[in-house]
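Input: a single structure, listed below in structure tokens.
The values are calculated or read from the model by the stated rules, or taken from the named source; none is laboratory data. Here the structure is a predicted model, which is why all the values come from computation and not from measurement. Here the Cβ positions follow ideal geometry from the backbone for every residue, glycine too, while neighbour counts run over all protein chains shown. For the accessible areas, the whole protein counts, side chains as well, though only heavy atoms, and no ligand, DNA or RNA atoms are used. Shrake-Rupley method; radii C 1.70, N 1.55, O 1.52, S 1.80 Å.
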Amino acid sequence: MRSVSIRTIGPILVLIPVAAVVLGFGLLASWQGKRVVDDLTSQVVDQAARRVEEQLDGYLATAVHVTELTASMIAAGELDPADLGAWRADLVRQLSAFRAINSITFGTPEGSATWVIRYPGEPGMEYALKDGSAGDEIVEFRVVDGSGATGDRIGSYAYDPRGRPWYQAAERAGGPTWSAVYPWVRSNSEMATLGLAFVRPVEDAGGRRLGVLSSDVGLLAVSEFLGGLEVSETGRAFLVGPDGGLLATSSGVPVIGPGGSQVAADGADDPMIRAIARRVSGESGSFGAIVDREQFELTLDGRRYRVEVEPLSTAQGLDWRLAVIVPEADVMGGVRELRRQAAWIGLVVVGLTLALGIAASLRLVRPIVELVEGVRRIGGGDLDHPVRVEGAREFAMLSTEINRMAEALKDRLRLRQSLALAMEIQQKLLPEDTPTLPGLDIAGHSTYCDETGGDYYDFLELDETTQGDLIVVLGDVMGHGIAAALLMATARGVLRTRASESGSLGQLLTHVNRQLEADTGGERFMTMILMVVDAPRHAIRWASAGHDAPIVYDRRTDSFLDLPNINGLPLGLMDDSAYEEAVWDGLGAGHIVLLGTDGIWETRSPSDEEYGKDRLRDVIRAHRDEPSERISEAITEDLKRFRGDSHQDDDVTFVVVKLA
């Protein structure tokens with residue numbers, strides 16, 4: 001199927017959305033009113049909820065702060081639980097400073113107690129003390145002023161803090177917690193409200209319980225705040241607990257009944273609150289079952305209301321719900337005017353969009369076509385073809401970037417050709433064939449993670465030497481890539497030049513180290529191990545420059561041997577490094593010797609697990625009866641299977657020598 005030209009698509013793509021806008025305006029008129037009501041209602045509810053949450057957090061955070069402040073004074077020795085009578089002035093000052101708090105109370109495990117209280121709706125404070133001087137009774141006094149001086153004695157009565165709900169709540173929690181909401185009714189006052197307390201146990205440095213602190217907050221202030229909250233012109237709000245008990249209302253209806261108990265929402269004096277409670281009970285079961293915002297419409301006395309109920313996200317973690325009621329009449333007044341304005345604005349926008357869209361489309365098409373042609377020629381291999389597009393600045397920038405891309409592609413092609421040549425040369429530096437010696441079965445393998453690498457293995461056949469017929473060489477240059485390949489080639493040249501001369505393997509490594517350090521200045525280094533397998537003498541000799549010792553498997557005992565560690569510094573670091581030669585003469589038929597680079601055991605799986613030497617030993621043991629070449633293939637296959645789809649991060653090189 002032939003694709004459509006952009007010259008045709010451009011204007012069509014502009015006309016289609018314009019036509020969709022025209023059609024959408026016809027549909028918009030039918031549901032625009034409802035959407036506006038929903039949006040405005042949601043905004044009103046969101047603003048109300050956020051303000052209520054902020055106000056509640058302020059009240060409740062003050063209670064937490066006062067409790068923790070008093071606890072810190074006890075810990076610092078400023079307040080002595082053994083002398084509660086000395087607390088009066090400090091507690092009065094705190095209650096005077098924090099107007100959101102109605103009382104601060106402290107009770108001890110022995111039954112002593114003290115408090116300072118400010119009853120909601122009443123001026124002044126009262127102070128109480130039970131320290132044993134009056135037996136089991138607590139004595140109450142009026143507080144004269146903010147200094148904490150006491151006035152007339154109010155009275156006394158039997159009191160034990162350990163039986164109070166706030167004390168028991170702290171005991172049950174074993175730490176700071178909020179009490180349940182409780183009615184706050186004063187017998188000699190008409191004021192009745194709800195309250196809750198933040199309580200916490202207080203212990204000394206040795207963990208001994210000193211008592212329980214309580215800071216009470218009255219919810220009358222919350223009702224007053226809701227009453228002053230602007231929820232549209234005639235909107236209302238109320239706060240309710242998970243069990244449906246009223247906590248605070250904006251309409252001022254009582255939250256405490258005549259008997260001193262908390263009023264349930266479905267029994268409130270406000271018919272709107274009762275209707276909402278019945279709706280929530282019928283649809284959700286209870287207010288506590290509402291875990292996300294719920295919206296619904298309600299008709300009462302011929303008027304339609306929008307209602308939203310949502311959990312409050314207070315920092316104190318209280319499980320309360322806020323209900324906001326907004327009459328539709330409060331938000332529908334401007335809907336008709338909004339519709340008319342939207343219609344005129346829509347028509348203007350449609351006309352302008354149509355005209356400007358077509359003009360812009362035609363202007364954009366020409367440079368895009370030119371860019372397509374330029375990219376097509378570059379994609380065809382003409383990397384010298386310049387792309388020049390005039391017009392908008394972005395098109396000029398794009399053409400400049402395309403020309404830079406073409407230059408970069410040319411450089412990359414030249415680099416890939418150079419890397420391919422380097423890889424070909426480096427591969428030729430590795431042995432093409434493994435040597436054939438009596439009593440030895442040898443196999444070598446090397447896989448680079450890049451085009452070039454720093455791993456190296458070699459076989460130096462020295463027929464004229466008296467120290468053995470073959471030197472097995474294995475090296476690992478720090479890093480990989482071109483620099484590592486050059487250092488590897490240098491080490492190979494130095495090694496082959498000197499290997500025919502007499503001397504120990506350690507002396508040979510010492511010579512190579514001096515040459516590499518002179519060439520690199522100690523900036524780069526490599527590890528290397530030289531090993532001679534002397535089958536007639538049943539021995540191996542080796543010298544190591546920072547490389548792992550040979551892995552030797554004894555088929556007769558089915559075990560791996562621990563060879564002595566003679567590790568020296570890696571080659572190229574220090575010119576005065578000297579290396580030793582080690583000899584092990586327990587070699588016999590069936591022994592398998594493996595030299596390897598750390599790219600084997602440091603190979604990682606997709607789950608970032610390391611291959612390790614134990615898995616390598618398991619492969620050698622499993623294929624002990626097979627030739628060296630098959631052991632080499634088994635190791636390579638197991639590494640690929642372990643690595644899975646993960647990228648090979650390091651070169652992998654090893655030599656397997658098996659004694660017949």
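Quick look at the numbers
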| quantity | calculated |
| --- | --- |
| Cβ-Cβ FRET estimate between residue 86 and residue 57, R0 fixed at 41 Å, reported to 0.05 | 0.80 |
| Computed FRET value (nearest 0.05) for residue 405 with residue 177, which takes r as the C-beta separation and R₀ as 56 Å | 0.30 |
| Whole-Å distance, taken between Cα centres, linking the range 522-570 and the range 251-269 | 90 Å |
| Unit Cα scatterers, Debye sum, the range 495-582: log10 I(q)/I(0) for q = 0.23 Å⁻¹ | -1.10 |
| Residue-level accessible surface for residue 613, protein heavy atoms, 1.4 Å, Å² | 60 Å² |
| Dipole of the range 28-145, positive direction: furthest Cα of 49, 96, 120, with charges on the beta-carbon | 49 |
| Difference of contour (0.36 nm per residue) and Cα-Cα distance, residue 482 to residue 613 | 44.3 nm |
| Label-to-label distance, nm, for residues given as residue 39 and residue 209 (7 Å Cα→Cβ offset) | 5.9 nm |
| Percent of Cα pairs exceeding the 20 Å cut-off, where the set is the range 538-645 | 50 percent |
| The range 86-190: Cα Rg divided by the 2.2 N^0.38 Å rule of thumb | 1.08 |
| Accessible-area value, residue 320, 1.4 Å probe, nucleic acids and ligands omitted, Å² | 20 Å² |
| 11 Å beta-carbon shell around residue 506, net charge (K/R +1, D/E -1) | -1 |
| Overall Cα dimensions of the range 90-130, principal axis frame, Å, largest first | 32, 17, 13 |
| Formal net charge of residues neighbouring residue 592 (Cβ-Cβ distance under 11 Å; K, R +1; D, E -1) | +1 |
| Cα principal axis extents for the range 256-300, largest first, Å | 33, 25, 15 |
